[in-house]
Amino acid sequence: MHGEEHPATKEKLATLESLESRYAVAKVEYDRLQDLMVAIEEQKKHLTQDVTSAQRDLDAVVKERDDALKKYAEYGNTLTRGIYNMPLNDFLAPKGVRGRNEIKQVVLPDVRLELNFLQSYSVDRCMTCHVAIDDKNFTKQNLARELEEAIFAINDKLAKERRRLLTPPLIENREDIEAGGVAAAWETLTDAQRDTFFDAVVKEVNKFQKMEGRPELEFRQPLLAHPDLDLYVGSSSPHPMSSMGCTTCHEGNGEETDFVLAAHTPKSHEERHHWEEKYYVNTAGILPEQNFYTAEHHCERPMLLPQHVEAGCTKCHTTPTDIAVHEGEPAATVINEGRFLFENVGCVN
Ligand code: HEC
Ligand code: HEC
Ligand code: HEC
């Protein structure tokens with residue numbers, strides 16, 4: 001675009017590098033702490049299971065274990081944790097990455113939870129792992145824009161070194177959109193086009209990462225923002241994370257900080273097998289290992305598949321036609337189509 005030494009080019013390259021390091025740091029930390037966290041969670045579970053007699057006892061234990069966890073997270077003896085918490089190194093890890101601070105959670109006093117004859121409030125800790133869920137820098141739209149710009153900055157560098165250039169991806173059958181202008185036309189793209197473009201732009205940037213011997217960038221949950229932050233999770237949305245948490249819509253075990261025990265539901269048999277290899281629960285010999293079958297057996301509210309989440313909307317919105325449109329865009333489409341079919345075709349037909 002401008003040449004390698006141009007400040008704009010330098011800035012884009014710097015943005016890419018910072019994305020890269022933020023991602024890498026988050027990933028390493030996330031993987032590494034997994035096993036230790038699971039063992040602690042299991043012990044916690046045992047503690048809570050024994051406490052059924054009185055709410056006061058329960059609260060005391062909960063507080064105790066939370067204090068312990070907090071201490072563990074803050075003072076645990078790990079090198080990276082020390083590095084994150086050093087002054088001036090805050091930029092290394094996005095706020096909320098484990099090791100940088102304690103488990104993250106949202107307390108929902110109005111959402112009651114049945115615990116063997118007791119009622120307690122709900123706690124959602126999903127954001128302990130989904131660290132970027134409410135961060136608008138981590139929306140696909142924003143990342144697509146940053147990566148698309150990065151391709152041009154990279155090409156300036158490659159051109160100067162007479163190396164083969166990257167190809168900025170285009171959208172099929174949208175001849176009106178030029179190379180480099182796709183992210184700017186985001187609002188006019190379908191969901192499928194957005195996803196295809198996003199994958200293509202990541203792949204293209206990764207060609208460069210590979211050439212330079214750097215680790216590939218990978219953008220997926222739990223390191224992405226929530227879809228449609230204006231409507232869900234965002235602090236100015238009608239369903240802010242701080243008051244609605246996650247399990248109100250998604251179901252799942254909000255208290256857990258392990259992938260399997262949080263009751264993620266695999267979409268297919270293939271995904272189940274894949275997840276079982278990737279996320280099995282290593283209890284470090286303290287308790288029997290957990291897998292998706294045992295988790296399903298113990299969990300009363302397994303997570304709804306993403307395509308079924310709207311089933312949860314009617315808990316609060318008893319008339320789904322009221323939410324068919326949000327800021328001019330269609331919303332709650334699945335539930336409204338279902339209602340339409342039910343009313344017009346019925347069950348007997
Ligand atoms: C231990 C970390 C962890 C916790 C805790 C966690 N998640 Fe996840 N979540 C992940 C990971 C990792 C993925 C990506 C899984 C994959 O595709 O391999 C994911 C994926 C998802 C997805 C997409 C699933 C799909 O089928 O594509 C949803 C929805 C989700 N999480 C919701 C939640 C909710 C709601 C909670 C709280 C009840 C939660 N998560 C707690 C790590 C976590
Ligand atoms: C008000 C309801 C609502 C709340 C609250 C909510 N979500 Fe969602 N979530 C949805 C809906 C609906 C979708 C599907 C949106 C779409 O595909 O456009 C979704 C999608 C997702 C996805 C992406 C799944 C995929 O297909 O890749 C993840 C991950 C996720 N939610 C996690 C969370 C987490 C973590 C929280 C809590 C911080 C949360 N959600 C809170 C309604 C909600
Ligand atoms: C826990 C209760 C709860 C659940 C579950 C819930 N909502 Fe809401 N929703 C609310 C509340 C409360 C408001 C109003 C917020 C306000 O007035 O600021 C709202 C507002 C909205 C609005 C804005 C309405 C307007 O007039 O613009 C839309 C759209 C919406 N919800 C869609 C959904 C969808 C889709 C789902 C399921 C994926 C869902 N909601 C699940 C409580 C909920």
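The values are calculated or read from the model by the stated rules, or taken from the named source; none is laboratory data. Given the structure is predicted, the values throughout are model-derived calculations rather than measurements. FYI the Cβ positions are ideal-geometry reconstructions off the backbone, even for glycines, and counts take in every protein chain you see.
Computed quantities for the displayed model
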{"item": "Residue, nearest to ligand 3 (Cβ to nearest atom), within segment 197-239, restricted to residues that are more than 20 Å from C129 (Cα to Cα), among the small types (G, A, S) and buried (at least 17 other Cβ atoms within 10 Å of the Cβ)", "result": "S237"}
{"item": "Top-ranked residue in segment 144-154 [being crowded, with 18+ Cβ neighbours inside 10 Å and without any contact (Cβ under 8 Å) to a residue 60 or more places away in the chain; ranked as farthest from the chain's Cα centre (by Cα)]", "result": "I151"}
{"item": "Neighbours by Cβ (under 7 Å, 6+ apart or cross-chain): first from segment 306-325, surrounded by fewer than 16 Cβ atoms within 10 Å (Cβ to Cβ); second of a type in the set (S, T, Y)", "result": "none"}
{"item": "Residue, surrounded by the most Cβ atoms within 10 Å (Cβ to Cβ), within segment 258-278, restricted to residues that are near ligand 1 (Cβ under 10 Å from one of its atoms) and of a type in the set (D, E)", "result": "D258"}
{"item": "Of the criteria (1) small (G, A, S); (2) modelled with pLDDT of 90 or more; (3) touching a Gly at 6+ places or on another chain (Cβ under 7 Å), which one A159 fails", "result": "(3)"}
{"item": "Matching residues, segment 242-274, being in contact with a helix residue (DSSP H, G or I) (Cβ under 7 Å, 6 or more places away or on another chain), hydrophobic (A, V, I, L, M, F, W, C) and not in a loop (DSSP other than H, G, I, E, B)", "result": "C249"}
{"item": "V309, sole failed condition from (1) within 16 Å of ligand 1 (Cβ to nearest atom); (2) part of a loop (DSSP other than H, G, I, E, B); (3) modelled with pLDDT of 85 or more", "result": "(2)"}
{"item": "Some residue of segment 291-301 being at pLDDT 90 or above and of a type in the set (D, E, K, R)", "result": "no"}
{"item": "Single residue of segment 182-196 satisfying the filter (over 14 Å from L143 (Cα atoms) and loosely packed, with under 14 Cβ neighbours inside 10 Å) that is farthest from ligand 1 (Cβ to nearest atom)", "result": "T188"}
